[in-house]
Structure formats: C-alpha cells, structure tokens
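The values are calculated or read from the model by the stated rules, or taken from the named source; none is laboratory data. Just so you know, these numbers come straight off a predicted model, no measurement behind them. Quick reminder, even Gly has a Cβ in these numbers, built from the backbone with ideal geometry, and neighbours come from all protein chains shown. All accessible areas refer to the heavy atoms of the entire protein, side chains included, with ligands and DNA or RNA removed. Shrake-Rupley method; radii C 1.70, N 1.55, O 1.52, S 1.80 Å.
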Amino acid sequence: MRYDRPAVTAGRIPAQLFESIHLKEILKEIERCRELSIDLAIATVVAVRGSAPHPPGTKLTVAADGATVGAVSGGCVEAEVISAAERVIGGAPAQLLTFDSRDADPIEFGLPCGGELEVQVERFCDQLQLQFATLAGRGERAALVSVLDKLGSVSGRVLVSPDREPCASDGMSPSARERAIAAGEQHLWSDRSVLIETEPDRLFVDLSMPSTRLLIFGATDLARALCATAIGLGWQVSVCDPRARFATSERFPGAEVIVAWPRAAVFSSGA
C-alpha cells in the first residue's frame, strides 16, 4: 500500500535537523550490540512541553558494557536517564521519566531551559524496533507507533511505511491495532515525532525521515565550509563543479562530488 504525500508545512524547522546529528552513531551502536550479543537499552524523548534542547524522537542508547551514544537533552538529565537505562538492562520494567523544571529549582534540578520532558526507557529487543532502525539506516520514511501505558511499558507496536502493509506486534487487540495504524498513517508524512493522548492508550509515533539533501554548485572555499557544516548535521551533500581540479573528494570529504556542469548533473541524477 502506498500513501500519498501531503504538502509540507512551511516555516518549521524539521526535527531531523536535530535528530540526525546522533542518528548514524546510534544505528552503528545498535548493530554493534547485535553482533556482539550485548544487551542494549534505548531512551527516547516522547513528549516536550515548553522549551527543551531536543524534540520528540531524539534518542540515547546505553549498552550493558557501559557504552553510551546520543542525547536526550543538553546534558541536563542524562545522568538520571542513564541510571534508569542501567536498571532496565538489569531486568527492571520499562520506565517513563518526567523532568519538569517548573516544579523545582532549575539549577538544582538540572533542566534550566524552563520546559518539561518525558523520556521513555526500555530494552531494545523488539523485532519491530529493529525493522524501524533498518529503515532509518536506509534513509527511508517510516512510522513506528508504540502503545504506551502510564508507566512507560509498551503493550504493542505497529510499523507503517509508504510501500509496505502495516506490521503489528503479536497479541495486539484489533481495536488497539486499528488506532495505532490510523495514527501512523496520519502522521507518516509529518516532520517530527509526536505523542498522541488517547483513551485508553497513549500512542507515540516515532518517525524516520530521509536526510535533508543539499546541492552545492561551485567547488569554492566557501562551499567547503558549508559542506563540512551540513555533513556535521547529518545531511546528504552533493558538490557539483565542471572543474576537476577543484571538485575532488579530498577537498570535500563525505560529500558526493560531481564533475559536470550543473544542468548536466541535475538532469542526469534526477534531482
């Protein structure tokens, strides 16, 4: 089944601008732990109210060997999240942590931005989680909808993507499955993950989106600085210039380098 893509709302900063900074490292860590059979916990920002460093969908992983990758804040609450992840790895149930700076001294509390975060912490052992990570690694669009209870445990999941039939966890009730599929289809083409408050469930729609693509025409020194910045944000960068002397992979590491006139490059690549 394919879903038609609606128009993208202008004037909003895409969440992947923030999430992609850690995405590649997190996907590498997931693969490392799978290859070495290391237990892994994953913490995900599921809701933000007010000001916060990162949007919903941002992640942090904690492995049983102590390795930590990613971030859920600007370093404000990571210590408590990591402690919760270690407890989950040790056998504790999934947890939903709430950090609200409005109820405490911001400096003492460690969340000085003035907002509220909800962070869900669980073991990374679900097959739909793995499929979702695989699609994200390929740069494909997908929505992983998790049915959460008030404590943060997941009673079921549904994976929705444009070119595949929705896939649901075993044991989900027909009504919960229908609600999760509807939420995934509704938000599949959104630009950020979202927590949907419903009765009797809370549905977290975690989105995977293709990386932003940047085309740079002219292999100049300014282009080199722009290229490095964009790659640091996780963007896919192509540099085009007909001058082979300047358009080299050595000058633009990590970018696709095209030695051609812009018109030829654009039409030959289908961009």
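Observations on the model:
- Residues satisfying the stated conditions in the stretch 155-186, i.e. surrounded by fewer than 18 Cβ atoms within 10 Å (Cβ to Cβ), closer than 18 Å to ARG123 by Cα and of a type outside the set (S, T, N, Q): ASP170
- Screening the stretch 33-50 for residues that are touching a helix residue (DSSP H, G or I) at 6+ places or on another chain (Cβ under 9 Å) and open to solvent by 20 Å² or more (accessible area, probe 1.4 Å) and picking the one that is modelled with the lowest pLDDT gives GLY50.
- Restricting the stretch 187-207 to residues that are over 15 Å from the mean Cα position of the chain (by Cα) and among the acidic types (Asp, Glu), the residue that is most open to solvent (accessible area, probe 1.4 Å): GLU199
Residues are listed down the side, and each one gets a yes or a no for (1) within 23 Å of ILE231 (Cβ to Cβ); (2) over 10 Å from the mean Cα position of the chain (by Cα):
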position	(1), (2)
GLU25	yes, yes
GLU29	yes, yes
CYS33	no, yes
LEU40	no, yes
THR44	no, no
ALA47	no, yes
HIS54	yes, yes
THR58	yes, no
THR61	yes, yes
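- Failed condition for LEU214, given (1) within 29 Å of GLU25 (Cβ to Cβ); (2) in contact (Cβ under 8 Å) with a residue 24 or more places away in the chain; (3) not in a strand (DSSP E or B): (3)
- Taken over the stretch 53-89, the criterion of being under 20 Å from GLU31 (Cβ atoms), among the hydroxyl-bearing types (Ser, Thr, Tyr) and open to solvent by less than 10 Å² (accessible area, probe 1.4 Å) is satisfied by THR58, THR61.
- When each of ALA230, ALA219 is tested for being in contact (Cβ under 8 Å) with a residue 12 or more places away in the chain, closer than 21 Å to ARG141 by Cα and of a type in the set (A, V, I, L, M), the lone residue that passes is ALA230.
- Some residue of the stretch 55-63 being at pLDDT 95 or above, part of a strand (DSSP E or B), of a type in the set (Ser, Thr, Tyr) and at negative phi: yes
- Among the residues of the stretch 221-271, just one is surrounded by 15 or more Cβ atoms within 10 Å (Cβ to Cβ), over 30 Å from GLY70 (Cβ atoms) and among the basic types (Lys, Arg), namely ARG251.
- Within the option set GLU250, GLU197, being free of Cβ contacts under 8 Å to residues at least 24 places away in the same chain and either closer than 30 Å to SER155 by Cβ or touching an Asp or Glu at 6+ places or on another chain (Cβ under 8 Å) (or both) holds for one residue only, GLU197.
- As for the stretch 185-195, it holds at least one residue that is in contact with a Pro (Cβ under 7 Å, 6 or more places away or on another chain), farther than 15 Å from SER146 by Cβ and of a type in the set (Asp, Glu).
- Every residue from the stretch 137-164 that is in a loop (DSSP other than H, G, I, E, B) and in contact (Cβ under 8 Å) with a residue 24 or more places away in the chain: GLY139, GLU140, ARG141, ASP149, LYS150, LEU151, GLY152, SER153, PRO162, ASP163
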